[in-house]
Each structure stands twice: as structure tokens, then as C-alpha cells.
Amino acid sequence: MLETNPRKPVPLRPSFTRSIAATAALLMAVPAATAAGALPRSLVGLIGLKAKGAVLIDAADGRTMWAQDPGTGRQPASATKIMTALVVLDRPVADLEREVTVEQAYADYVNREHASSADLQPGDRLTVRQLLYAMLLPSGCDAAFALADAFGAGITATDRTRSFVRAMNEKARNLGLLETEFSSFDGVAEMGHNITTPRNLAELARNAMKNATFRTIVGTVKTEQEARANNGRIRYYSWENTNRLVGMYEGVVGVKTGTGKESGPCLVFAASWGGRTVIGVLLDDRNRYRDAEKLLSWAKAGAGPAGG
């Protein structure tokens with residue numbers, strides 16, 4: 001930031017001021033790309049990104065293509081659900097057709113926390129696969145609760161969900177995500193201890209996208225699902241992806257949004273062109289979609305390590 005002496009202001013020429021601002025923005029971005037082993041062809045299109053923390057990686061090997069404060073811990077909000085899904089899908093035997101009964105406690109939870117909901121109806125029986133759609137597309141915290149309750153260990157729902165969160169943290173350690181700590185199964189943070197970094201979150205998404213079921217779900221624009229209702233009839237659920245890039249920007253294949261009072265708007269996204277996939281993370285970014293499009297356009301044009 002430029003500061004002038006308040007006792008003796010010195011006006012700067014507009015062109016000079018713009019030049020300094022542009023240079024400062026470039027200097028912030030260049031070290032991250034240089035540290036990754038390659039200097040991007042041009043950074044002009046990336047000036048002005050609003051993210052407090054951001055990273056763009058090559059999914060093939062995890063190399064950083066561009067970054068902005070990628071190592072500072074921040075709250076990921078509902079992007080947490082990437083890990084929730086991965087813990088379910090990485091089980092030795094992931095029975096995706098197993099039915100789970102929706103409990104009243106799940107609806108009470110989203111109402112109490114004012115959390116995002118898939119509008120699951122108590123008594124309905126949904127498969128694990130359907131609950132993954134309900135969690136990852138409309139970002140249903142009720143669906144996340146159902147999965148944590150179904151796959152956690154313990155006598156009570158509290159015991160089971162705590163067990164599930166422990167499994168999330170164990171998975172983070174196994175993946176080498178040492179700057180990540182989860183306190184909840186859905187991103188509703190308890191006392192601010194739901195923390196990760198852009199770099200860790202990108203690596204988490206990179207691992208999740210290796211799972212075919214996960215890729216299919218997060219790349220879906222809209223789904224219609226039938227579930228067995230408590231009265232024996234069929235209930236029809238319709239869920240749309242909260243990630244506006246899916247189906248709108250060429251090549252985008254996922255992955256997850258997140259928004260919270262402390263986290264601000266967040267976005268984890270992935271796109272593939274010609275056999276190459278990139279994964280990006282934007283944390284606390286009020287222009288997340290516009291900034292994601294800037295990064296994707298830059299990557300698609302061939303910038304970064306793999307593009308020369």
C-alpha cells in the first residue's frame with residue numbers, strides 16, 4: 001500500500017499511481033509461481049483478484065501454477081464437505097446403495113444453525129449415493145449430518161459425529177495436509193477451529209477428484225432423485241449445483257462452494273481441457289466466480305509450468 005505524509009501531501013500522477021499498483025500486484029504473485037519452478041508467461045490478467053487466499057495447481061502432479069497467500073489458515077465453510085465425502089468414499093467397502101433414514105435431528109440442526117439444507121424429510125430413506133448428491137450439490141448440511149451419523153462410531157449421534165470428524169482429521173494427516181484441522185462435518189465451525197489453507201484444500205480436492213463417484217457428482221448441474229418416504233410412497237428430490245461454473249464455463253468439472261460469516265465466499269473449482277486438469281481455490285473472495293474465470297482463462301491459454 002502507498003502512504004503519503006499527512007502533514008505534507010504529495011500528489012502523484014495517475015499514470016504513475018497505476019504503474020506502482022500494477023507492479024505491486026505482480027510482485028505478490030510472481031514469488032509463488034517462481035517457487036513452483038516456472039515463471040508464468042503473463043500475469044496481467046490476474047491483477048486485482050479479491051481472494052484473501054488463493055492457489056491454482058496442476059492436477060497431474062500438484063505443482064503450483066499461481067498462488068496468493070496460499071499458506072495462511074482460513075475457514076473453508078462448506079468446502080469442508082469435500083473431506084466429508086472423501087471419508088465416506090475411501091472406506092474399504094463403500095456401499096453406495098446402503099439406505100439411511102433421515103432423522104428429525106438433521107432438520108433441527110440446520111434450522112438451529114441456519115445452515116444450508118437439501119430439505120431432507122424426516123423418515124425418508126435415502127441411499128448413501130443420494131446423500132452425497134444432497135450434500136455436494138445444494139450443500140445440504142442435513143445430508144452431511146446424515147452421512148457423519150451413519151459412518152461414525154458410537155452409541156449416540158454426538159458420539160458418532162465426533163468419531164467421524166476424528167476420521168476426517170486422520171485422513172487429512174494421511175494426505176499430508178498438516179495445516180488442516182476440522183471441528184465439524186459440514187463447515188459450520190465451532191469456535192473457529194475449522195481451518196485449512198488454499199494449498200491444503202487444493203491438494204484435498206486433487207485427491208477427491210481421483211474418485212469416479214465424486215467426480216460424477218460434483219460435475220453434475222442438476223439431479224432428480226427418488227427416495228422412499230416414511231408413508232411408503234415415493235418422494236421426489238431435485239437438487240441443483242451451487243457451483244455456477246459447472247455447466248456454464250467450458251471444461252469445468254467441479255468441485256465445491258462455501259460461504260460463511262467468518263469465511264466469506266469460498267470456491268474450489270476444477271477444469272479440464274485436452275487431457276490437462278487444473279484445480280483452483282479461492283478463500284474469502286467476494287468476486288469468487290469472476291476471479292475463478294480469470295484464473296481459468298489464464299490457465300487455458302497455456303500459462304504456468306505445464307504450459308510453458
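One residue is enough: does region 173-192 have a residue meeting the conditions out of contact with any helix residue (DSSP H, G or I) (no Cβ under 9 Å at 6 or more places or on another chain) and either at pLDDT 95 or above or of a type in the set (Ser, Thr, Tyr) (or both)? It would help to see each step written out before you state the result.
Residues of region 173-192 out of contact with any helix residue (DSSP H, G or I) (no Cβ under 9 Å at 6 or more places or on another chain): 173-174, 190-192.
Pick out the ones that are also either at pLDDT 95 or above or of a type in the set (Ser, Thr, Tyr) (or both) and you get 173-174.
Among the residues of region 173-192, at least one is out of contact with any helix residue (DSSP H, G or I) (no Cβ under 9 Å at 6 or more places or on another chain) and either at pLDDT 95 or above or of a type in the set (Ser, Thr, Tyr) (or both), which makes the answer yes.
I'm checking my understanding of the structure. Among residues of region 36-77 that are closer than 19 Å to Leu267 by Cβ, among the aliphatic types (A, V, I, L, M) and outside any loop (DSSP other than H, G, I, E, B), which one is modelled with the lowest pLDDT?
Filtering region 36-77 for residues that are closer than 19 Å to Leu267 by Cβ, among the aliphatic types (A, V, I, L, M) and outside any loop (DSSP other than H, G, I, E, B), the one modelled with the lowest pLDDT comes out as Leu46.
Which pairs have Cβ atoms under 6 Å, sit 6 or more apart or on different chains, and link a residue in region 167-184 that is of a type in the set (D, E, K, R) to one that is surrounded by 20 or more Cβ atoms within 10 Å (Cβ to Cβ)?
Once the first residue is of a type in the set (D, E, K, R) and sits in region 167-184, its partners that are surrounded by 20 or more Cβ atoms within 10 Å (Cβ to Cβ) give Lys171/Val87; Glu179/Thr197; Glu179/Asn200.
Mind listing whichever residues of region 204-252 are in a loop (DSSP other than H, G, I, E, B), in contact (Cβ under 8 Å) with a residue 60 or more places away in the chain and among the small types (Gly, Ala, Ser)?
Ala229
Which one is nearest to the chain's Cα centre (by Cα), of the residues in region 221-262 that are among the small types (Gly, Ala, Ser) and surrounded by fewer than 16 Cβ atoms within 10 Å (Cβ to Cβ)? Reasoning before the result, please.
Going residue by residue through region 221-262, those that are among the small types (Gly, Ala, Ser) are 227, 229, 232, 238, 247, 251, 254, 258, 260.
From what's left, surrounded by fewer than 16 Cβ atoms within 10 Å (Cβ to Cβ): 229, 232, 238, 247.
On the way: Ala229: 31, Gly232: 36, Ser238: 22, Gly247: 17 Å.
Among those residues, the one meeting the criterion is Gly247.
For region 150-166, which residues satisfy the criterion of being within 13 Å of Ser184 (Cβ to Cβ) and either basic (Lys, Arg) or under 22 Å from the mean Cα position of the chain (by Cα) (or both)?
Thr161, Arg162, Phe164, Val165, Arg166
Quick one: Tyr109 ticks every box in (1) touching a Cys at 6+ places or on another chain (Cβ under 8 Å); (2) surrounded by fewer than 24 Cβ atoms within 10 Å (Cβ to Cβ); (3) closer than 13 Å to Ser78 by Cβ bar one, so which box is it?
(3)
Just to check your reading of the model, which residue among Pro122, Pro138 is closer than 28 Å to Arg235 by Cα, outside any helix (DSSP H, G or I) and out of contact with any helix residue (DSSP H, G or I) (no Cβ under 8 Å at 6 or more places or on another chain)? Explain how you work it out, then say what you get.
Details: Pro122 fails: out of contact with any helix residue (DSSP H, G or I) (no Cβ under 8 Å at 6 or more places or on another chain).
On inspection, the qualifying residue turns out to be Pro138.
Within region 160-176, how many residues turn out to be surrounded by 22 or more Cβ atoms within 10 Å (Cβ to Cβ) and either in contact with a strand residue (DSSP E or B) (Cβ under 9 Å, 6 or more places away or on another chain) or not in a helix (DSSP H, G or I) (or both)?
Counting residues in region 160-176 that are surrounded by 22 or more Cβ atoms within 10 Å (Cβ to Cβ) and either in contact with a strand residue (DSSP E or B) (Cβ under 9 Å, 6 or more places away or on another chain) or not in a helix (DSSP H, G or I) (or both) gives 1.
The values are calculated or read from the model by the stated rules, or taken from the named source; none is laboratory data. The structure displayed is predicted, hence computed values, not measured ones. Note that we place each Cβ from the backbone using ideal geometry, even for glycine, and neighbour counts take in every protein chain shown.
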